[in-house]
């Protein structure tokens, strides 16, 4: 009997740790607007296994460490869809057009000249020059800058305007608060008819604008929620962080700038979602 009890306690403790780990993983997805479909990635479980093998005390790479490296990611668009081909570390060579040209050429030859119609890259000077060198050598190839990348950079520039940056941060504060508490998230969905505020991750800036748009569309429902008796009688309503969110939702400045930011960004967001879909770029 004593052995059974110890085994049960051990099993319960293991399950508690598993549940805690699952919650923290889910929180990471929520806070960073990462779609749950990312868990289907072939690298997802590999990442978790590698962390587990490091054991207690593992420190995840910092923002600075992650951004120092520069990867060139190659994908191939074909009748079956867009497929990942490979990634190459180009750290230190991002502006070396000759190096990038040789890399692009090697990938084209790997895929097969007869199979390649168009090469698309971002619009950095190194890649623009490399693309021109590639089409100069292989005149039957087309090179073009990535439209999605160009539009995302335009949204990034808009997002850097002081008033737009402020309203995007305010919107992020609202979503982070709501999605950090299961009860608040459930009551929010009750008032929005099941609609979400956080949108699937496309790019950082388009996702921020889409989330702001969702909040603007739910303006009346969110205000109703925070003035409803069900909310006012809850333990959350009396907390300082909840009061700050409520003040934000009743701020004329927030809604004025929110509507303006959505109006300015909407055409670009629609275009980006169109070109970032599964339709082929040519043919």
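The values are calculated or read from the model by the stated rules, or taken from the named source; none is laboratory data. Predicted model only: the values in this text are computed from it and were never measured. Reconstructed Cβ throughout: ideal geometry from the backbone, glycine too, with neighbour counts over all protein chains shown.
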A careful count of residues in the stretch 95-130 that are surrounded by fewer than 15 Cβ atoms within 10 Å (Cβ to Cβ), part of a loop (DSSP other than H, G, I, E, B) and either free of Cβ contacts under 8 Å to residues at least 40 places away in the same chain or in contact with a helix residue (DSSP H, G or I) (Cβ under 7 Å, 6 or more places away or on another chain) (or both) gives 3
Could you please let me know if residue 64 is at pLDDT below 90 and over 30 Å from residue 132 (Cβ atoms)?
yes
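Hey, any hits in the stretch 145-163 for a residue that's more than 30 Å from residue 101 (Cα to Cα), in contact with a helix residue (DSSP H, G or I) (Cβ under 8 Å, 6 or more places away or on another chain) and without any contact (Cβ under 8 Å) to a residue 12 or more places away in the chain? If you could, list the steps in order and put the result at the bottom.
The initial filter retains those residues of the stretch 145-163 that are more than 30 Å from residue 101 (Cα to Cα), namely 158-163.
Going one step further and asking which of them are in contact with a helix residue (DSSP H, G or I) (Cβ under 8 Å, 6 or more places away or on another chain), we end up with 158-159, 163.
Among the residues that remain, those that are also without any contact (Cβ under 8 Å) to a residue 12 or more places away in the chain are: none.
Taking every residue of the stretch 145-163 in turn, none turns out to be more than 30 Å from residue 101 (Cα to Cα), in contact with a helix residue (DSSP H, G or I) (Cβ under 8 Å, 6 or more places away or on another chain) and without any contact (Cβ under 8 Å) to a residue 12 or more places away in the chain.
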Need a quick list: helices (runs of 4 or more DSSP H) entirely within the stretch 176-270 having at least 3 residues that are out of contact with any strand residue (DSSP E or B) (no Cβ under 7 Å at 6 or more places or on another chain) and within 17 Å of residue 35 (Cα to Cα).
204-217
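So that you can scan it fast, the table gives a plain yes or no per residue for (1) at pLDDT 95 or above; (2) surrounded by 15 or more Cβ atoms within 10 Å (Cβ to Cβ):
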position: 143; (1), (2): no, yes
position: 166; (1), (2): yes, no
position: 182; (1), (2): no, no
position: 194; (1), (2): no, no
position: 205; (1), (2): no, yes
Condition broken by residue 73, with the remaining ones in (1) surrounded by 10 or more Cβ atoms within 10 Å (Cβ to Cβ); (2) closer than 30 Å to residue 110 by Cα satisfied:
(1)
